[in-house]
Amino acid sequence: MESVRDLAAHLGLDLLAVCLLTFAIYHPRHRRRDLVPAYLALNVALFSVVAALAEVGAKGGTALGFGLFGVLSIIRLRSDAVQHEEVAYYFSTLVLGLLCGLPHLGLGYAAMLSAVLLLVVYVADHPRLLTRARRSVVTLDVVLTDPAALRAELGRRLGEPLHWTVTEIDYVRDLMVVDVRYREFRPGTAQQAPATRPSVRDAHAWEAA
């Protein structure tokens with residue numbers, strides 16, 4: 001009975017932590033409902049497996065451990081629809097499930113480590129942190145080989161360029177694709193490029209740097 005109470009307490013802590021992560025931090029900031037069940041299911045599933053491994057012990061625990069490792073190793077998070085910060089939330093749900101699912105880890109210790117993780121995620125993904133730092137992948141309908149000219153063009157269109165990488169140059173279609181890290185204009189100071197200048201034909205993959 002004591003072990004059942006302990007398991008219930010750890011499960012309650014895990015559900016509280018993952019709900020705070022998902023509903024109090026992630027969803028209000030990113031508004032992706034489709035990832036909410038993924039985070040919750042992954043967390044609870046990992047908690048269940050860890051708790052089962054601890055209960056089984058030597059009776060097949062090694063085999064289950066290797067199976068868990070295999071399942072986690074095939075999880076692919078390289079889809080274009082998942083941004084880097086969302087991958088961080090994936091791993092945070094994994095860690096919470098592991099911390100809270102360990103039966104021999106004291107409840108207070110697990111709660112402290114979970115609180116530290118939630119605090120780090122809250123601060124690191126706060127909207128007010130590095131608010132003007134941005135990243136964009138842009139397609140210019142002109143090929144600029146002079147770094148100074150390219151910097152000036154990016155500065156007119158986006159803001160102050162901090163770093164950029166030319167990922168593609170097409171001389172046939174006369175275009176180039178640039179991955180840019182920049183500091184955006186302050187409100188009310190955005191510059192408008194003249195109509196005669198080369199224009200940015202396509203801009204996508206907006207995200208906080």
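The values are calculated or read from the model by the stated rules, or taken from the named source; none is laboratory data. No experiment lies behind these values; they were computed from the predicted model shown. Positions of Cβ are backbone-derived with ideal geometry, glycine not excepted, and every protein chain shown enters the neighbour counts. The area values use the complete protein model at the heavy-atom level, side chains included, leaving out ligands, DNA and RNA. Shrake-Rupley method; radii C 1.70, N 1.55, O 1.52, S 1.80 Å.
Dividing the alpha-carbon radius of gyration of the range 7-50 by the rule-of-thumb value 2.2 N^0.38 Å gives 1.18. Ranking Val143, Val116 from most to least accessible surface, computed with a 1.4 Å probe over the protein chains only, gives Val116, Val143. Scanning residues 5 or more positions from Leu162 or on other chains, those with amide H under 5 Å from its amide H are Arg181, Tyr182, Arg183, with H placed 1.01 Å from N in the peptide plane. Surface listing: Arg181, Arg128, Arg32, Arg5 arranged by accessible area from highest to lowest gives Arg128, Arg5, Arg181, Arg32, probe 1.4 Å.
Treating r as the C-beta distance of Val36 and Thr167 and R0 as 35 Å, the FRET efficiency rounds to 0.60. The accessible area of His27, taken with all protein chains in place and a 1.4 Å probe, comes to roughly 50 Å². The order of Phe47, Phe23 by accessible area, most exposed first and with a 1.4 Å probe, is Phe23, Phe47.
Of the whole protein surface, Thr167 contributes about 90 Å² of accessible area at a 1.4 Å probe radius.
For the range 1-24 versus the range 83-152, the inter-centroid distance based on Cα atoms is 24 Å.
Within the range 97-175, the percentage of alpha carbon pairs spaced more than 17 angstrom apart rounds to 65%. Tyr109 contributes an accessible area of around 120 Å² to the protein surface, as traced by a 1.4 Å probe with all chains present.
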